[in-house]
Amino acid sequence: MSTAENSILGLKLPSDPRWVDLASVSLEEILTDHAFCEQKAATQGITLIQAYAELPDLVNALAPLVTEEWGHFRMVWAEMKKRGYKLGRQRKDEYVNLVLKYAPKGEGHERLLHKLMFSALIEARSCERFRLLSENLEEASLREFYHKFMVSEAGHYRMFIDLAELYFPVAKVREAWAEWLRIEAEILPQLPTRGDRMH
């Protein structure tokens, strides 16, 4: 990832360059993990709506996102079926578990800020990974497939940041975002580089 692109997303560390090579030879595994990631993104959106149903702007923003994320799951599943792949079983997400272990939780209303920061981080890292796939996979159809996901995730990342700035002072959002990025940069080197995981 170039310095400019890294700056746009805010990510402090690029993915290990070996990741995309490993993913390219583990397509069934990476597509399976991607499918479950889209399911979890839809579920996270529903969970936020349920927890903050009294915030109409949040509900208005997340309701279409839930539909879109579930549509993404169906797109990935359709691609898998076309290739004769099976969905397989959901795996433990070591990346997410480590991020949540060390990230701030917040108290009271501030919990919303950190939930939005968590969602923004997942979308930003997914966007970066999708870009790598869109530029490096051998099949042109898969490169185009992942280019569409990259564009979508960039929009989702921005939406979560914008929602945070709607409910909290901009300076506070930037401070919280910087903390989440710092934590992610610290935990990434602790994780093995695996081609069967999207994160």
Residues of segment 159-180 being buried (at least 19 other Cβ atoms within 10 Å of the Cβ) and either charged (D, E, K, R) or in contact with a Gly (Cβ under 7 Å, 6 or more places away or on another chain) (or both), in sequence order, are Trp177
For residues in segment 61-114 being among the basic types (Lys, Arg) and touching a Lys or Arg at 6+ places or on another chain (Cβ under 9 Å), which is modelled with the lowest pLDDT?
-> Arg91
May I ask you to list pairs of residues, at least six apart or on different chains, whose Cβ atoms are under 9 Å apart, with the first in segment 131-160 being free of Cβ contacts under 8 Å to residues at least 24 places away in the same chain and of a type outside the set (A, V, I, L, M, F, W, C) and the second being assigned to a loop (DSSP other than H, G, I, E, B) and surrounded by fewer than 20 Cβ atoms within 10 Å (Cβ to Cβ)?
-> Arg143/Leu137; Tyr146/Leu137
Across segment 138-169, what is the total count of residues that are within 19 Å of the chain's Cα centre (by Cα) and either of a type in the set (Phe, Trp, Tyr) or not in a helix (DSSP H, G or I) (or both)?
-> 5
For Arg91, the lone unmet condition from (1) outside any loop (DSSP other than H, G, I, E, B); (2) closer than 13 Å to Met198 by Cβ is (1)
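The values are calculated or read from the model by the stated rules, or taken from the named source; none is laboratory data. Keep in mind the model is a prediction, meaning the values are calculated, not measured. Please note: Cβ atoms are built from the backbone with ideal geometry, for glycine as well, and neighbour counts cover all protein chains shown.
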